[in-house]
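Inspection log for the structure reproduced underneath, given as structure tokens.
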Amino acid sequence: MSFSIQHASDGQFKFDGLRKYFEYRDLGIYKATDGQAIVHVIRAREGTNANGEWHLHKISLQIVYVLKGWAIFEYEGHGQHKLEAGTCVHQPPGIRHREIAHSEDLEILEIVLPGDFETVSVDAQAVDVD
């Protein structure tokens, strides 16, 4: 592991992340931890919308903290939640979820362990959404 620091002027957002309707700014944690974790800022990509696809992540930890704007997520067994600036969510390993909508100014800080993880699409009919 190594020391890492990244200033706002150092990082650039890229369209190379998991979802095409988001831009991702890597904060250098993946490299500093030899892939044990990934931390990035995610923001809404102008002119795009969430597709509402149910999925899950094969992870050991996932934390989402909303920095700006809002998003509506639905979690299996927990229903829909509007996440607004200041909201923090621990998404347990394997929880089925989907994003339904977001504001144009949405920005999220996301922390995931391990840094390399698999995302699996889930058949919507297989999800119990109490």
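The values are calculated or read from the model by the stated rules, or taken from the named source; none is laboratory data. Since this is a predicted model, take the numbers as computed values, not measurements. No Cβ is skipped: glycine too gets one built from the backbone with ideal geometry, and neighbour counts run over all protein chains shown. Areas reflect the complete protein model, heavy atoms only, side chains present, ligands, DNA and RNA absent. Shrake-Rupley method; radii C 1.70, N 1.55, O 1.52, S 1.80 Å.
Points to keep in mind about this one:
- The charge dipole of the chain, taken about its Cα centre with unit charges on the Cβ atoms of Lys, Arg (+1), Asp and Glu (-1) only, comes to about 200 debye.
- As a size descriptor, the averaged projected area of the C-alpha convex hull of the range 24-104 was calculated at 5.5 nm².
- Relative contact order, percent, the chain [alpha-carbon distance under 8 Å, six or more residues apart]: 29
- The listed peptides 67-75, 52-60, 113-121, 35-43, ordered by packing as a protection proxy, come out as 35-43, 67-75, 52-60, 113-121 (highest mean of other Cβ atoms within 10 Å first).
- The apolar share of the surface of the chain, taken as the fraction of accessible area on carbon and sulfur atoms (1.4 Å probe, ligands and nucleic acids excluded), comes to 50 percent.
- When the charge dipole of the chain is built from unit charges on Cβ atoms (+1 for Lys and Arg, -1 for Asp and Glu) and taken about the Cα centre, the candidate among S9, F73, T119 whose Cα reaches farthest toward its positive end is S9.
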